[in-house]
Amino acid sequence: MPENQELIQRIKTILANKDITEGPVFGGLGFSINGKPFCGVREDMLFLLVGEERLYEILTHPLARPLEVNGTAVPGWVEIVPTGIKRDIDLAGWINTGVTALE
C-alpha cells in the first residue's frame, strides 16, 4: 500500500515553518531536520522518534506501538495508529514530540 498522500500533506503543512527534507526511511517517507529523521509516514500510519528515554512512557498510550522494520523494533521509535492522528491538533502534538526528541 502506498503512503497516505493526504497525511503527508498535513504533515508538510504543520512543518511549514521548519527547514525539512524528505526521503525514504523505514519503508516509508521520512522527514528530517538537519539530516536527522524525526517522523514519517508508512501507509496510513505516522512513525516518529521519541527517544530511548521516553519510549516506554509513550508506549503506555493506547494509540502508540513500537515501530517495527522487518519484524524488529526500531529503538526509540514508535508508530501511531490512524485513529490517533485524525485531528490536526493530535497530529501536530505527535510531530512536536518527534521534533523535541531531536533536541
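Side notes on the structure shown:
- Matching residues, the range 56-77, being farther than 16 Å from K36 by Cα and either under 13 Å from the mean Cα position of the chain (by Cα) or among the acidic types (D, E) (or both): E57, I58, L63, A64, R65, P66, L67, E68
- V99, sole failed condition from (1) within 23 Å of P2 (Cβ to Cβ); (2) within 13 Å of the chain's Cα centre (by Cα); (3) in contact (Cβ under 8 Å) with a residue 12 or more places away in the chain: (1)
- In the range 84-96, the residues that are touching a residue at least 60 places away in the same chain (Cβ under 8 Å) and open to solvent by 30 Å² or more (accessible area, probe 1.4 Å): D88, A92
- Total residues in the range 1-22, condition within 14 Å of the chain's Cα centre (by Cα) and in contact (Cβ under 8 Å) with a residue 24 or more places away in the chain: 8
- Only a single item in (1) hydrophobic (A, V, I, L, M, F, W, C); (2) in contact with a Gly (Cβ under 9 Å, 6 or more places away or on another chain); (3) free of Cβ contacts under 8 Å to residues at least 12 places away in the same chain is not met by A73, and it is number (2).
- Selection of the range 1-25 for residues being out of contact with any Phe, Trp or Tyr (no Cβ under 6 Å at 6 or more places or on another chain) and hydrophobic (A, V, I, L, M, F, W, C) yields M1, L7, I8, I11, I14, L15, A16, V25.
- Residue satisfying all of: in the range 59-69; out of contact with any helix residue (DSSP H, G or I) (no Cβ under 7 Å at 6 or more places or on another chain) and under 17 Å from G40 (Cα atoms); least open to solvent (accessible area, probe 1.4 Å) among these: L67
- Set V25, V41: member being free of Cβ contacts under 8 Å to residues at least 40 places away in the same chain, out of contact with any Asp or Glu (no Cβ under 8 Å at 6 or more places or on another chain) and open to solvent by less than 70 Å² (accessible area, probe 1.4 Å): V25
- The residue list V50, V81, V74, V99 contains one member that is open to solvent by less than 60 Å² (accessible area, probe 1.4 Å), more than 23 Å from I14 (Cα to Cα) and not basic (K, R), which is V74.
The values are calculated or read from the model by the stated rules, or taken from the named source; none is laboratory data. Computed from a predicted structure; not experimentally measured. Every residue, glycine as well, gets a Cβ built from its backbone with ideal geometry; the counts of neighbours run over all protein chains shown. Just the protein is used for accessible areas: all its heavy atoms, side chains included, with ligands, DNA and RNA removed. Shrake-Rupley method; radii C 1.70, N 1.55, O 1.52, S 1.80 Å.
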